[in-house]
Protein chains: 4
Amino acid sequence: MLDRGVESVSIEEVAAQAGSGKATIYRWWASKEVLALDALDRELSSVLAPDTAETGSLKEDMLVRLRELVRLFQERPFGRVFAGIVAHAQSDPEFALLYVDRFVRPRRQLMHGFLDAAVDRGELPAGTDYDFALDLVFSPFWNRVFHRHGPVDEAWAEQVVDAALAGLCAAPVRAR
Amino acid sequence: MLDRGVESVSIEEVAAQAGSGKATIYRWWASKEVLALDALDRELSSVLAPDTAETGSLKEDMLVRLRELVRLFQERPFGRVFAGIVAHAQSDPEFALLYVDRFVRPRRQLMHGFLDAAVDRGELPAGTDYDFALDLVFSPFWNRVFHRHGPVDEAWAEQVVDAALAGLCAAPVRAR
Amino acid sequence: MLDRGVESVSIEEVAAQAGSGKATIYRWWASKEVLALDALDRELSSVLAPDTAETGSLKEDMLVRLRELVRLFQERPFGRVFAGIVAHAQSDPEFALLYVDRFVRPRRQLMHGFLDAAVDRGELPAGTDYDFALDLVFSPFWNRVFHRHGPVDEAWAEQVVDAALAGLCAAPVRAR
Amino acid sequence: MLDRGVESVSIEEVAAQAGSGKATIYRWWASKEVLALDALDRELSSVLAPDTAETGSLKEDMLVRLRELVRLFQERPFGRVFAGIVAHAQSDPEFALLYVDRFVRPRRQLMHGFLDAAVDRGELPAGTDYDFALDLVFSPFWNRVFHRHGPVDEAWAEQVVDAALAGLCAAPVRAR
DNA sequence: CGGTAATCGAGACGGTACGTCATGTCTTACA
DNA sequence: TGTAAGACATGACGTACCGTCTCGATTACCG
């Protein structure tokens, strides 16, 4: 899937390579995309690693996760599979829910913890819109992953976090 | 396509609805995705409209375009088709080039003009990385379109532009 | 099976309806067809009933059994299942043997007794080919069951027996 | 199909051997059985051959066709395929109609001509039930094909026709 | 103005993959 | 120990589209 994308892989191929019947694949995964989601969840679990806990600085907390994401995507081309998953989620509401439940929510929730702590420490204005904040920090990453219009590396990650946090402090956005 | 996504539409269906033979479709478009790109380009051309020229303020220049995007996406669900196009571009390099050429580049170039003017006016530090700047402003939009984790409206658009520009001034990023 | 034919019934269905595991069905019957044969044998055993013994007239002896067959097939649509069994026997020699052993032979043997007696009584020429004789009497029945090109009822049964026996006497056939 | 029966042949196999796609087979034949029927019709067309016309004697007319059938079935094992077709017709009424239309009716109609002529010549009582008559002559053939309980050859064919015609004259059956 | 292209609709074709179903074997867990 | 429940590898089912291809019919242009 990493090599050719979700949609170019057939369940028939998966079953053959697994030495199993198609029906067995279907018994456990409702579709190629659910299978891909399961696999991605596994491969990208290091971002959620509890052993790299809160650092005491919001910038550092975010940078640790963003750097880990960058590292993983540099190592292996997850972008193709991700694009396939996101595209599929547009047309399959049930899958969209699963995607959010299994992938998006846990990662967002981890960040919510760090944001809470940052507000407590006074690093961020109280009442800051977390969804807005996380978009500012992480969406440039996804944008570059999907469009490849520029490099995605550690230096860039730090610039993004710096700019985003500066923006959040200079132009605070309260949750509505 | 807007209703069901690119991949759920078959060329056979397109041909039937157009009252033409499949071969005629293939004669003019290399694939469903190219066809979709052509259609999107047409429907989203208003963002490039020259009649809404430079306003004298970078914030306003960006806001005009972002608001237009928001308006278009509120009116009709382009997100589904876009996700399909982006996903397809991941696996088909030739199509990726076409996508950038026909869709991404013209829109980015328009913005480059506004950024140049902003630098001239001193609104932005000289040497600012334009790709970085545009990511900061526009990627939250695509992120919300693809993930639907929050509203996308005019008020939100202004908050994004404010935060992004503030971030860019507070933590300047020079093109490398 | 009577409703839908042997081949449209799955072992899975049988097991489910019996409240048993599939393996248990397989332990006792080698295949759907053997199971069907067992069931048919039971349902069609009345033709072999010893309580309706020799009548003293060949015509009557045959008519009793043919009428019983007709009655059974009028009551319930055994034809479908029979066709399935006969078809299966064409491709599975082992099953063919079982079919003859369990179903065909006992019924033919009963008739042989009546034919012997008829020869003794002088109703039939000595040396008559019994297989030939039984074909003449009973094959129209199977033909109509399988092709449904005409009614199968008591009046018809008597006509068949009359014509067949007349033919056998007028154009005797000696066993070779 | 002759070697392994209709049901043991898969459409996939047919398509592969024909060097065509499955869909092409399905475009022209609704099912394996219809395909088999088409093939049988072709292979068994010699029975309908108009070049072997009326002989002037009913016995001879029937014998010519029955002998041709016997010859064909001796040459190649059509029985297996026939049993499959007959079995399938039991559960698929639409196919049953097709089978009668394409296979049974033309052959029966040919015989009706001969029977008419025989009645005209006085060989058969006027008003004879043709379906009954044809059953008497031909059903032993099908019975032996399906059950293989005895030889099917030219000598046997003549005995069948003799006995059947004798029976029809001795015990006339009027159409109801 | 009539003949020659080009273009088109229609749809057959060889393929690939789909998702479902049933096969017969097997393992597990309970009674 | 025997059995229900059901997982499993297998393989065919019939369907949907793919992208290519051949047909005629219809334009439309040129000689």
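Key figures
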read-out	value
Backbone N within region C:79-116 under 17 Å of label point (7 Å from C:Asp38 Cα along the Cβ vector)	C:85, C:95-96, C:98-103
Relative contact order, percent, region D:1-158 [alpha-carbon distance under 8 Å, six or more residues apart]	28 percent
Ranked C:Leu63, B:Leu48, criterion: other C-beta atoms within 10 Å, fewest first	B:Leu48, C:Leu63
Alpha carbon centroid spacing (whole Å) that separates region B:102-153 from region A:83-128	23 Å
Neighbouring partner chain Cβ atoms per residue of C:2-11, average, 10 Å criterion	2
Neighbour-count order for D:Ile25, B:Ile85, fewest beta carbons within 10 angstrom listed first	D:Ile25, B:Ile85
Virtual spin-label span in nm between C:Ser46 and D:Val100, 7 Å along Cα→Cβ	2.7 nm
Ranking of A:Asp101, C:Asp61, C:Asp131 by count of other Cβ atoms within 10 Å, fewest first	A:Asp101, C:Asp131, C:Asp61
Where labels lie 7 Å past Cα in the beta-carbon direction, separation of B:Arg76 and D:Ala30 in nm	4.3 nm
Over 23 Å between alpha carbons, listed pairs B:Lys22/D:Lys32; A:Lys22/B:Lys22; B:Lys22/D:Lys22; A:Lys22/C:Lys22	B:Lys22/D:Lys32; A:Lys22/B:Lys22
Longest to shortest principal axis, alpha-carbon extents of region D:43-109, angstrom	41, 25, 18
Within chain B, helix-based [θ] at 222 nm, where runs of 4 or more DSSP H residues each add -39,500 (n - 2.57), nearest 500	-21500 deg cm²/dmol
Candidates per trypsin sites (Lys or Arg not before Pro) in region D:107-165, loop by DSSP, up to 14 other Cβ within 10 Å	D:Arg148
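Read-outs: derived from the displayed coordinates by stated rules, not from any lab. All values reported here derive from a predicted model rather than from experimental measurement. Here the Cβ is made from the backbone with ideal geometry for all residues, glycine too, and neighbour counts use every protein chain on show.
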